[in-house]
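**Q** The structure follows.
Throughout, read-outs are computed from the coordinates displayed, never taken from laboratory work. Worth saying up front: this structure is predicted, and the values here are computed from it rather than measured. Ideal geometry is used to build each Cβ from the backbone, glycine not excepted, and the neighbour counts take in all protein chains shown.
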Amino acid sequence: MSRTIGIIGGLGPAATADFFKKLIAATPAKGDSDHLRVLIDSNPRIPDRNDAIAGRGESPAPHLVAAALGLERAGADLLVMACNTAHHWQDVIAAAITIPFLSMIDETADAAMRSGAATIGLLAADGARSAALYERALDARGRAWLRLDDAAQRDFMAAIYTIKAGDAGDGVRAGIRAHALSLIDRGAAALIAGCTEIPLVLDANDVPVPLIESTDVLVRRAIAVARQSQRRRSCEAA
């Protein structure tokens with residue numbers, strides 16, 4: 001039997017749906033029964049992570065912990081969270097549960113290392129940037145990084161909230177792509193899409209360097225961990 005994946009979602013809902021869709025697409029399956037059991041708590045009422053980190057809003061920590069505990073009680077064997085910025089509280093979440101919590105930040109930083117790029121361009125929301133989630137992760141791995149200047153970051157965040165409002169049209173797509181290209185022009189040899197809204201408007205075909213999508217990275221890792229017990233059982237039977 002494979003392990004059940006619990007997803008802390010709703011941060012935002014479209015990004016959670018994108019994560020689940022990619023999880024299904026990436027799972028080796030010949031039919032329904034080959035897919036993984038997945039539990040999703042999509043709670044868009046969790047307080048804004050960017051506001052909380054900036055000190056102008058309620059902390060989402062109690063709500064994230066409640067979601068994690070609820071998923072564990074419901075039968076999840078491992079947890080993921082479909083939001084980069086919310087990983088500012090990943091240690092609080094992990095301490096509250098008895099099942100593994102897979103870090104989107106750590107998994108994506110490890111993927112950036114495997115890309116071989118000497119300098120990584122960061123596209124991340126204000127909260128993740130203020131908390132230096134990817135900056136610290138890459139520093140710890142000895143990898144150089146670049147990020148948008150303050151003016152470009154304000155424009156980038158406006159685009160993210162536009163996506164959250166349901167607009168993933170050509171205008172916002174062009175804007176996000178322009179910010180990605182600006183980092184490449186400054187020397188980024190790979191990019192981290194460090195916000196789960198980014199894959200809704202930008203993909204690997206839009207840029208001339210490797211695009212390390214945090215959603216895709218965590219999807220692949222979650223599938224691998226969830227299927228470990230299944231593979232182990234098959235080996236023992238053989």
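**Q** Determine the gain in length on full extension of the stretch ALA152-ARG220; use 0.36 nm per residue of separation and subtract their C-alpha separation, reporting nm with one decimal.
**A** Values: separation 68, 0.36 × 68 = 24.48 nm, distance 3.09 nm.
Here the segment from ALA152 to ARG220 would lengthen by 21.4 nm.
**Q** I need the phi-derived Karplus couplings for region 49-55: 6.51 cos²θ - 1.76 cosθ + 1.60, θ = phi - 60°, integer Hz, Gly and Pro marked x.
**A** Karplus values, whole Hz, x for Gly and Pro: 5, 5, 5, 5, 5, 6, x.
**Q** Charges only on Cβ, +1 for Lys and Arg, -1 for Asp and Glu: so what's the dipole of the chain about the Cα centre, in debye to the nearest 20?
**A** On the way: 26 positive and 28 negative charges, 137 e Å.
Roughly 660 debye for the chain.
**Q** In Å, what Rg and Dmax follow from the Cα atoms of the chain?
**A** 17.7, 59
**Q** Another one. Once amide H atoms are placed 1.01 Å from N in the peptide plane, what residues at a sequence separation of 5 or more from LEU39, or on another chain, have their amide H within under 5 Å of its amide H?
**A** ILE5, GLY6, ILE7
**Q** Would you calculate the separation in nanometres between label points at VAL92 and ALA132, each defined as 7 Å from the Cα along the Cα-to-beta-carbon direction?
**A** 2.0 nm
**Q** Same structure again: Could you tell me the center-to-center distance, by alpha carbons, between region 1-60 and region 144-160 in angstrom?
**A** Going from one Cα centre to the other spans 25 Å.
**Q** If amide hydrogens are placed 1.01 Å from N in the peptide plane, which non-local residues have theirs closer than 5 Å to the one on GLY10?
**A** THR16, ASN43
**Q** Once you put a point 7 Å from the Cα of ILE99 and another 7 Å from the Cα of ALA29, both along the Cβ direction, what distance in nm separates them?
**A** If labels sit at ILE99 and ALA29, their model points lie 1.7 nm apart.
**Q** Along Cα→Cβ, 7 Å out, is where each label goes; now give me the distance between the ones at MET113 and ALA74 in nm to one decimal.
**A** 3.3 nm
**Q** Counting other beta carbons within 10 Å of each Cβ, put VAL65, VAL92, VAL80 in order, fewest first.
**A** VAL92, VAL65, VAL80
**Q** Continuing with this model, one more query. Between helix 104-115 and the chain, what is the angle of the helix's C-alpha long axis to the longest principal axis, kept within 0 to 90° and rounded to the nearest 10?
**A** 70 degrees
**Q** Nothing charged except the Cβ atoms of Lys and Arg (+1) and of Asp and Glu (-1): what's the magnitude of the dipole of region 80-179 about its Cα centre? Round to the nearest 20 debye. Don't skip to the end; give the middle numbers.
**A** Values: 10 positive and 12 negative charges, 32 e Å.
Charge dipole, region 80-179, about its Cα centre: 160 debye, nearest 20.
**Q** Provide the per-residue ³J(HN,Hα) series for region 131-138, in order, calculated from phi with Karplus coefficients 6.51, -1.76, 1.60 and θ = phi - 60°, each as a whole number of Hz, with x at glycine and proline positions.
**A** After applying 6.51 cos²θ - 1.76 cosθ + 1.60, I find 7, 6, 4, 7, 4, 5, 5, 6 Hz.
**Q** Angle between the Cα long axis of helix 13-26 and the longest principal axis of the chain, 0 to 90 degrees, nearest 10?
**A** Between the helix axis and the principal axis of the chain, the angle is about 60 degrees.
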